[in-house]
Structures are given as C-alpha cells and as structure tokens.
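K.L.:
Got a structure for you, written out below as structure tokens; questions coming shortly.
The values are calculated or read from the model by the stated rules, or taken from the named source; none is laboratory data. Keep in mind that this is a model prediction, so the values were computed, not measured. We place every Cβ from the backbone using ideal geometry, glycine too, and count neighbours over all the protein chains shown. What goes into the accessible areas is simple: the full protein's heavy atoms, side chains included, and nothing from ligands, DNA or RNA. Shrake-Rupley method; radii C 1.70, N 1.55, O 1.52, S 1.80 Å.
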Amino acid sequence: MLKIAVCSAREGYAEKLINTAREIISKSKLKCELSYHVNTDKIISNLKEDIRTYDALFLDMKDTDCLRVSGGLRKRNYKASVIFINDNADGIDKVLKYRPSALITDCGDKEQVLEALKRIYNEQAAVKPYFTVKNREDVWNISFDDILYFESNQRIITIHTKRQVIKFYAKLSDVLSGLPQDQFIRCHQSFVVNMSEVK
C-alpha cells in the first residue's frame with residue numbers, strides 16, 4: 001500500500017485532488033492511503049521521525065514550504081515520488097531541480113491524476129527492491145518492507161515477514177551483505193532486524 005500525502009494551503013483545490021484520487025483508487029486495483037495537510041508542519045515532523053513515512057507527495061508548486069520539503073527529500077537522496085500541483089505549467093522550469101514525477105494542472109482531471117498514480121506505482125516498485133529466497137520448494141521475492149527480522153540457527157535462516165515464515169540454508173553474514181545497511185542491523189549473533197519495524 002502506498003502512503004501518499006497531499007499538501008496545499010488551497011483547501012478547495014486539494015480537496016478536489018483528493019476526491020478525484022479516491023474515486024480512481026476505489027475503481028482500480030491501486031492501493032493507497034491518502035492524507036491531507038494544509039501546511040508542511042506535520043509532513044516535516046513525520047519525515048523527521050521516519051524518512052520513509054511517505055511513498056509520494058503531491059505538493060503545491062506555489063507554496064515555498066512545499067518546495068523546501070521537496071528540496072530536503074532530494075538532498076537526502078530519498079526516493080519518494082514528488083508530484084507538483086498547480087493551475088498551469090508556468091514555472092515548471094524552476095522546479096525541475098526537484099526531479100518531479102509529474103505535474104497536475106487540473107486536480108479534477110481523472111486522466112492526469114490516474115497517470116500520476118500509475119507513475120508513482122512504477123517508480124516505487126523500482127526503488128523498493130526485494131530479498132530473493134531460494135530453497136528446494138520455491139523462489140520468493142520478498143519486499144524489504146515486509147521483512148520483520150531474520151533468525152539464524154545452525155545455518156538455517158528463518159525470515160519472519162508480515163505474512164509468513166520462510167526457512168532456507170545460508171550464513172547470516174551472507175544474508176546481511178544483501179540487505180540495505182541503513183534499514184537492517186545485526187543486533188545479535190543470531191538476529192538481523194528491520195529497523196523500520198522496531199517500535
């Protein structure tokens with residue numbers, strides 16, 4: 001499920017976008033969680049707590065705080081999709097440095113919003129890699145975000161995910177070398193945990 005935030009001080013404008021997006025989401029197979037913010041305060045607070053809070057941000061191109069949030073994400077090289085919303089394409093050349101995924105010029109235009117949502121899905125699928133597990137029975141590609149932790153017991157690795165438990169043969173050190181170092185940590189000789197799942 002994609003977590004998407006919409007930020008615009010123009011409430012009617014943002015409300016139109018959210019209603020259009022919800023209509024598209026309800027009719028399609030896209031799974032999204034939408035939140036609306038009048039200003040960037042809550043978004044910044046959430047990002048400070050966990051940089052991976054949002055998969056995508058719809059930001060008002062006329063709001064300088066929204067531009068600062070976008071710039072901050074790009075400076076930290078975070079791969080969230082950024083979609084700018086504006087009444088027209090004027091000034092798009094000034095925001096290209098934030099590497100936007102799309103520009104929506106009509107928040108009620110279902111085609112524009114659908115294309116932006118599809119682009120988000122494709123981008124996020126590309127930047128959220130998988131851990132591949134092979135054993136005698138099958139091959140699994142497990143999203144890093146679905147993994148809770150790895151457990152090792154005499155070269156048998158057990159992956160505890162949000163949905164299932166999978167066992168295979170390997171060394172825990174080899175498993176750790178194939179994981180993003182900023183997300184997973186070896187906290188014990190026999191355990192590697194997903195830090196984003198630690199509460």
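K.L.:
When you scan the stretch 150-199, how many residues do you find that are polar (S, T, N, Q) and not in a loop (DSSP other than H, G, I, E, B)?
P.N.:
8
K.L.:
Another question about this same structure. Consider the stretch 51-80. How many of its residues are part of a loop (DSSP other than H, G, I, E, B), closer than 19 Å to Leu117 by Cβ and of a type in the set (A, V, I, L, M, F, W, C)?
P.N.:
Of the residues in that region, 2 qualify.
K.L.:
With the requirement that a residue be touching a strand residue (DSSP E or B) at 6+ places or on another chain (Cβ under 9 Å), free of Cβ contacts under 8 Å to residues at least 12 places away in the same chain and loosely packed, with under 12 Cβ neighbours inside 10 Å, what does the stretch 153-172 give you?
P.N.:
Listed by number, the residues that qualify are Gln164, Val165.
K.L.:
Another question, then. Ile92 is checked against (1) out of contact with any Asp or Glu (no Cβ under 9 Å at 6 or more places or on another chain); (2) surrounded by fewer than 17 Cβ atoms within 10 Å (Cβ to Cβ); (3) at pLDDT 90 or above; (4) not hydroxyl-bearing (Ser, Thr, Tyr) and fails just one. What number does that condition carry?
P.N.:
Only one criterion in (1) out of contact with any Asp or Glu (no Cβ under 9 Å at 6 or more places or on another chain); (2) surrounded by fewer than 17 Cβ atoms within 10 Å (Cβ to Cβ); (3) at pLDDT 90 or above; (4) not hydroxyl-bearing (Ser, Thr, Tyr) is unmet by Ile92, namely (3).
K.L.:
Give Ile147, Ile104 a once-over and let me know the one that is open to solvent by less than 10 Å² (accessible area, probe 1.4 Å) and either without any contact (Cβ under 8 Å) to a residue 24 or more places away in the chain or in contact with a helix residue (DSSP H, G or I) (Cβ under 7 Å, 6 or more places away or on another chain) (or both).
P.N.:
None of the other options fit; the residue is Ile104.
K.L.:
Okay, moving on. Sort through Lys97, Lys3 and tell me the only one that's under 21 Å from Val127 (Cα atoms), modelled with pLDDT of 90 or more, open to solvent by 10 Å² or more (accessible area, probe 1.4 Å) and not in a loop (DSSP other than H, G, I, E, B).
P.N.:
Details: Lys3 fails: modelled with pLDDT of 90 or more.
Going through Lys97, Lys3 in turn, just one is under 21 Å from Val127 (Cα atoms), modelled with pLDDT of 90 or more, open to solvent by 10 Å² or more (accessible area, probe 1.4 Å) and not in a loop (DSSP other than H, G, I, E, B): Lys97.
K.L.:
Right, here's the next one. Could you tell me whether the stretch 111-131 includes any residue that is surrounded by fewer than 15 Cβ atoms within 10 Å (Cβ to Cβ), free of Cβ contacts under 8 Å to residues at least 40 places away in the same chain and more than 30 Å from Leu17 (Cα to Cα)?
P.N.:
yes
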